[in-house]
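Contents: one structure, followed by commentary.
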Amino acid sequence: MLGTFSRFRPLTLLVGVVLAQVLLLAVQIKRGREVRLIRYWAVELMTPAQRAGTWTFSKLGGVWTGYIALHNARTENEQLRSELDRLQLRNRELESEAAEGQRLGLLLNFRQGHPEASMLAAQVIGASADSSSHTLFINRGDRDQVRRNLGVITPEGVVGKIVEVFPSTAQVQLINDKDSGVGALLADTRTHGVVRGTGDPEPRMDYVVNDEKVHPGELILTSGEDRIFPKGLLIGSAGGASPASPFQLIHVHPAARLDRLEDVLVLLSQQELTPKGSGESSSVVPASPPPAATVDARAADTSKASASAPGRPPQPNLGKPSANPTRRVNRTQAPAVKPAAPRP
Amino acid sequence: MDYILNRGARTSGNIEVHRYHGGTVIVAAFLALILQAFLHKYGRWAELLDLPLLVTIYFGVSQRNPVSGLFLGAAIGILQDALSHDNPIGLYGIAKTWIGYLASSVGARIDTEHPASRFGLVFVLFHFHQVVLAFTQRVLLNRSAPYFTPRLLLDSVVSAAFAVVLFALLDRLRRPS
C-alpha cells in the first residue's frame, strides 16, 4: 500500500489537493434555497446509505417481530381471545342492563306522573305453554297484594288483566286472548263497544253498529264499564272496519307491544288516571276531568309517600319483590276487586 | 517547504533542474499577484495576461517536480481567488494546481528552454487552464463559462508571447550551477 502510494505520490497528492479545494468550494457555494453545496453533497451522499440502513433495519425488525418474537404469540392470542369473549359477554350484559334501565325509566316516569293511581311494577317471567291462549306470568302474586281482575298496563297502553294469582306470581290474560274482553269506546265519536280477543295477534272491537263511521287510526280507549280498567286508558287504534251483521267488524292495533312485554304495571285500583303534559309517553288519553275521588286519592297517596321518604318523591318498587309489603304505596287503597265480565 | 520552493525536484536523466535564490519563488508569485491586481485598474487590456498563470508555469517547468509544482499552483491559485471579488476560494486554485502539476511533469520530460517550446507550452496550458476553470464553474458554481472563444485564443497568443519574454527575464534569477 505504501509502495503504491510512493510510486504514485505526485498523482495522489494532485488528487488530494484538488479534492480539498473542491470541498473548499463546496463549503462556500450555495445552491437553490441557500443550501451550501457541501451540505447538498453530504445529504446526497448519505441519503442512499440512510435509506439502505433503514430498509435493512426495517427488514431485520420485520423478521424479528414477524417471526422470532412470535414465540409467545399463541399464548397471547389465546389470552386475548379469552379476554375478548369475556368483554363481549360483559358488553351484552351491559347492553341488556341499559335496555332494562330504559324500560324501567319509562315505567318510573309513568308511575311518578300518576301518583293518584296505585300501581305495582312487575316483570314478565313467562308465557303460556298453550299457543292458542295469549297469557303470560309476572313476578308478582298474592304476597304483593295482587288480586284477580286487576288491570295490567304499560306506558304505551293496556296489556290485559290478572286472571290467576299465585303466592309469588300471577297470570295475565292479554287483550288479544280469545277469552278476553275490555270495555272500550272510540275516542272521536265516544261510541262504546267491547275489544275482544280472537286468538290472533290483533283483537277486534265489537258492538259498534254499522251506521257509525269509524276512521282508520281512530284511537280506542277504555270505557271503565268493565270495572277493571279506569276510563280513558289507551287500548290501541282502529284498523280496517268492515260492515257485518249485526255489528261492524273493527280490527284493533294494540298500543302495547303484546309480543315483546318485559315490564308491566299492575293497577291496584280502578282510579282514573289524570292526563299529563305533552311529550310524556303515556297510555292515558285526555278525557273528562277527574272526579273528586281522584283528587282525594292523589292527596292520600302523596301524604303517604311523603311520610315514607321525607323531602323525596315516592320511589315505586319496580320489578323486584318487596321485602316489606307494607311499604308499598296505596296499599290501603287497593280496590275491592270484583270479577266483572265486560259489558257491551 | 524549502525543498518545494527553492531546491526543486531531482529528476532522472539529462534534464537539468534549476535552483533559485531563497525567496525567489515567493517574491515572484506575490509580485505576479500584485501586478495582476494592479494592472486591472488600468483597463481591460490587462485581462489579456494572467501573470500568476505564467509564474506557475515557469516555476513548475523549471523545478520539474510535480509535487512542488502542484502545491505552488494551488497556493498561487488560492491567493488569486482570495484577491478576487466574487470568486469562491478554490476556483483558480483547482485550475492552477493542475497547471503546476502538468507543467512540472512536462518540464521533467522535454526541454522547455527554447522560446518556441515555451510559447507552445504556455499556449496549450493556457487553454487547459481555461477548460478546467470553465468546467469547475459549470459543474460546481452552476455558471455558464465558455471553454473556448476567439477572445481566449487572442489571450492565449498574447500570454504565450509575453511568457517568452517573461521567462527569459526570470531565467536571470537562477542560481549559477
Length gain on complete extension for the stretch A:V63 to A:L89, per 0.36 nm per residue less the alpha carbon to alpha carbon distance?
-> 5.7 nm
Calculate what fraction, in whole %, of the accessible area of region A:40-163 sits on carbon and sulfur atoms when a 1.4 Å probe is rolled over the protein chains.
-> 57 percent
Theoretical gain in end-to-end length, A:L108 to A:K213 [0.36 nm per residue, Cα-Cα removed] = 34.0 nm
So what does A:K178 come to for accessible area, using a 1.4 Å probe and Å² rounded to 10?
-> 100 Å²
Please calculate the 1.4 Å probe accessible area of B:F119, with all protein chains present, and give it to the nearest 10 Å².
-> 70 Å²
Contact order normalised by residue count of chain B, Cα under 8 Å, 6+ apart, percent | 23 percent
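Using the Cα centre as the reference, give the magnitude of the dipole from point charges on the C-beta atoms of region A:144-190 (Lys, Arg: +1; Asp, Glu: -1; all else neutral), rounded to the nearest 20 debye.
Roughly 160 debye for region A:144-190.
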Inter-label distance for B:R174 and B:H85, nm, one decimal - labels placed 7 Å from Cα along Cα-to-Cβ | 4.1 nm
Computed E for B:I26/A:S82 - FRET, C-beta separation, R0 56 angstrom, nearest 0.05 = 0.05
How many nm is it between the label spots at A:Y40 and B:S117, if each spot is 7 Å from the Cα in line with the beta carbon?
-> 4.4 nm
Karplus (6.51, -1.76, 1.60) ³J(HN,Hα), θ = phi - 60°, over region A:245-253, in Hz, Gly and Pro reported as x = 10, x, 10, 5, 10, 10, 7, 10, 8
Under 18 Å from the Cα of A:K213, which aspartates and glutamates turn up, not counting those fewer than eight places away in the same chain?
-> A:D188
Note the buried accessible area between B and A here, summed over both chains, with a 1.4 Å probe, in Å² to the nearest 100.
-> 1500 Å²
Would you kindly work out the equivalent ellipsoid of chain B from its C-alpha gyration tensor and give its semi-axes, the square roots of five times the eigenvalues, largest first in whole Å?
-> 25, 17, 16
Say R0 is 56 Å: what FRET efficiency, to the nearest 0.05, do A:L11 and A:A73 get from their beta-carbon distance?
-> 0.40
Could you compute the FRET efficiency for B:L35 and A:T54, with r as their C-beta to C-beta distance and R0 at 60 Å, rounded to 0.05?
-> 0.60
Length added when fully stretched, A:K30-A:R148, from 0.36 nm per residue minus Cα-Cα | 32.4 nm
For A:A127, which sequence-distant residues (separation of 5 or more, or a different chain) have an amide H within less than 5 Å of its own amide H, given hydrogens modelled in the peptide plane?
-> A:F137
Binned Cα-Cα distance frequencies in region A:1-119 - 10 Å width, integer % = 10, 13, 13, 13, 11, 10, 10, 8, 6, 4, 2, 1
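The values are calculated or read from the model by the stated rules, or taken from the named source; none is laboratory data. Just so we're clear, the structure is a prediction, and the values are computed from it rather than from any experiment. Here the Cβ is made from the backbone with ideal geometry for all residues, glycine too, and neighbour counts use every protein chain on show. For the accessible areas, the whole protein counts, side chains as well, though only heavy atoms, and no ligand, DNA or RNA atoms are used. Shrake-Rupley method; radii C 1.70, N 1.55, O 1.52, S 1.80 Å.
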